[in-house]
Amino acid sequence: MNFDQIINRKNTYSMKWDGAQSLYHNSNLIPMWIADMDIKAPEPIIAAIKKYAEHGIYGYVEYPELTEIPQVIAEWLKKRNNWNVKPENIGYSSGVINGISLAIRSLTKENDSIIVQSPLYGHFRAAIENSKRVLVKNDLIRKDNSYFFNWNKLESQIVAHQVKMAILCNPHNPTGRVWTKDELNHFVSICQQHQVIIVSDDIHSDLILPGYRYYPVASVCPEYSNQIITFKSLSKTFNLAGLQFSYYLTTNNTYLKKMKQIAQYSANPEWPTAFALPAVAAAYGNSDCEKWLQQLLVYLADNLKWLTNEIESKTPAVVTKSQSTYLAWIDVSYLHCSEADLLNALDMSGIGIQSNQDFGLDNQDGLFIRLNYATAKEVLKEGVHRLIIGLNRLNKE
């Protein structure tokens, strides 16, 4: 696979590229904001979608649990994560946030408190508040250019707010932190002591950079797995977000039943798109896709190394030492400017990024940007060049 290939995504109904025009003012902007890649999916997936497309009928598709998909998923998780999962313990939704919303509405009540580690993925806030639950933020500790749990505050807030559910992001978005076995055990022990349900968003778990290892929390703590729901998807791994397919896993049959009931009677049932199931079967079932993924991870690691050296050598900005994802988390607090001024300056420089407000951060938390580096190196170099120009212009003002 030629990851250096530049692919024109304009006028393809792309939210990242075409949708950027509704968020930014620069018509020549390079969008490096939303988390999808400017990289083609592996050939076996493209071939599977083409074959289905040639059939010419795109009606409602079968429920995934009645196909080979559960077994394909179980085999992938065993191979990639050494996690033994029973196919009957898998549920399905059109997206991870859709699934998490199902869990929130199924397993908690209105005005219940749900705790999330901050900085947080912005859609967690939406899922909680739109369900009329109370968001409790537990700020991660930033140390040695990485992030760590604030254990004392985590437990004290669970007690003070009578928290019913904890959302874990593993690995963490936006910081790229991959939680260790010891950290996961400690997190589970606190939740177990206070009877808190754990919802784990593991959507980036296939994107672990070389030298690090991901552990599903339910496999690390099997004795507590009955109070854990893990959410996964192929959308980040193989750049398939538009196919609207994700899945969740729990050994708790009551949880599964309640979530499926909520999904069944929702306004928009959680059916996958017509192209999702053949794509999943190809992605998880064809060894060439796994080889593609291994090559991608090397490419992403090289992109991250390059952008870190470039940004830190030409600006005072600090790139967080990431262990996963394709999202760089960059501290630009040295600018001492408002978030609005930062966004405007970078927009004028021709680069679109996300910043504090998208991750639950206030002004006193510092000033950060998240930059998507899953793109061809030539595009990355131009985007980072524009970023540096914008940051340096702001620093002189």
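The values are calculated or read from the model by the stated rules, or taken from the named source; none is laboratory data. Every value quoted in this text rests on a predicted model; they were computed, and no experiment measured them. Note that each Cβ is placed from the backbone with ideal geometry, even for glycine, and that neighbours are counted across all protein chains shown. When the accessible area is computed, the model is the full protein with side chains, heavy atoms only, and any ligands, DNA or RNA have been set aside. Shrake-Rupley method; radii C 1.70, N 1.55, O 1.52, S 1.80 Å.
Conditions tested, residue by residue: (1) farther than 30 Å from G56 by Cα; (2) modelled with pLDDT under 95; (3) not in a helix (DSSP H, G or I).
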position: Y212; (1), (2), (3): yes, no, yes
position: S235; (1), (2), (3): no, no, yes
position: I262; (1), (2), (3): yes, yes, no
position: P269; (1), (2), (3): no, yes, yes
position: L277; (1), (2), (3): no, no, no
position: V280; (1), (2), (3): no, no, no
position: L297; (1), (2), (3): yes, no, no
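Exactly one residue out of F124, F148 is open to solvent by less than 10 Å² (accessible area, probe 1.4 Å) and either at pLDDT 95 or above or small (G, A, S) (or both): that is F124. Cβ-Cβ distances below 7 Å connect the following pairs, each with a first residue in region 76-105 that is under 24 Å from K132 (Cα atoms), a second residue that is acidic (D, E) and surrounded by 21 or more Cβ atoms within 10 Å (Cβ to Cβ), and a separation of six or more residues or different chains: Y92/E270; S93/E270; S94/E270; V96/D201; N98/E270; I100/D201. Name every residue in region 184-194 that is surrounded by fewer than 21 Cβ atoms within 10 Å (Cβ to Cβ) and touching a strand residue (DSSP E or B) at 6+ places or on another chain (Cβ under 8 Å), in order of residue number. Passing the criteria: only H194. Inside region 90-121, residues that are buried (at least 22 other Cβ atoms within 10 Å of the Cβ), assigned to a strand (DSSP E or B) and hydroxyl-bearing (S, T, Y) make up a count of 2.
So that you can scan it fast, the table gives a plain yes or no per residue for (1) open to solvent by 10 Å² or more (accessible area, probe 1.4 Å); (2) among the acidic types (D, E); (3) part of a helix (DSSP H, G or I):
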position: P316; (1), (2), (3): yes, no, no
position: D358; (1), (2), (3): yes, yes, yes
position: E378; (1), (2), (3): yes, yes, yes
position: V384; (1), (2), (3): no, no, yes
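Restricting the first member to region 43-61 and to residues that are of a type in the set (D, E), and the second to residues that are open to solvent by 70 Å² or more (accessible area, probe 1.4 Å) and in a helix (DSSP H, G or I), the beta-carbon pairs closer than 9 Å and six or more apart or on different chains are E43/D288. So which of I203, I208, I198, I228 ends up being closer than 24 Å to L102 by Cβ, open to solvent by 10 Å² or more (accessible area, probe 1.4 Å) and at pLDDT 95 or above? Selected residue: I203, the only one of I203, I208, I198, I228 that is closer than 24 Å to L102 by Cβ, open to solvent by 10 Å² or more (accessible area, probe 1.4 Å) and at pLDDT 95 or above. Can I34 be described as of a type in the set (A, V, I, L, M), under 24 Å from E270 (Cα atoms) and not in a loop (DSSP other than H, G, I, E, B)? Criteria not met by I34.
Determine whether A340 is within 24 Å of the chain's Cα centre (by Cα) and surrounded by fewer than 20 Cβ atoms within 10 Å (Cβ to Cβ). Spelling it out, it is not the case that A340 is within 24 Å of the chain's Cα centre (by Cα) and surrounded by fewer than 20 Cβ atoms within 10 Å (Cβ to Cβ).
Just checking, does region 40-61 include any residue being touching a strand residue (DSSP E or B) at 6+ places or on another chain (Cβ under 9 Å) and closer than 30 Å to H123 by Cα? No.
Only one of the numbered conditions (1) within 12 Å of W33 (Cα to Cα); (2) free of Cβ contacts under 8 Å to residues at least 40 places away in the same chain; (3) open to solvent by 20 Å² or more (accessible area, probe 1.4 Å) is not met by Q354, and that is (2).
Given the criteria in a loop (DSSP other than H, G, I, E, B) and not aliphatic (A, V, I, L, M), does N84 qualify? For N84, the condition - in a loop (DSSP other than H, G, I, E, B) and not aliphatic (A, V, I, L, M) - is met. Here are R213, R142: which of them is among the basic types (K, R) and more than 18 Å from N81 (Cβ to Cβ)? Selected residue: R142, the only one of R213, R142 that is among the basic types (K, R) and more than 18 Å from N81 (Cβ to Cβ). Selection of first residues in region 274-290 that are under 17 Å from G95 (Cα atoms) and among the aromatic types (F, W, Y) and of second residues that are open to solvent by 10 Å² or more (accessible area, probe 1.4 Å) and assigned to a helix (DSSP H, G or I), restricted to Cβ pairs under 8 Å at least 6 apart or on distinct chains, gives the following pairs, ordered by first then second residue: F275/I49; F275/Y52; F275/A53; F275/L243. Exactly one residue out of I369, I388 is part of a helix (DSSP H, G or I) and under 30 Å from Q295 (Cα atoms), and it is I388.
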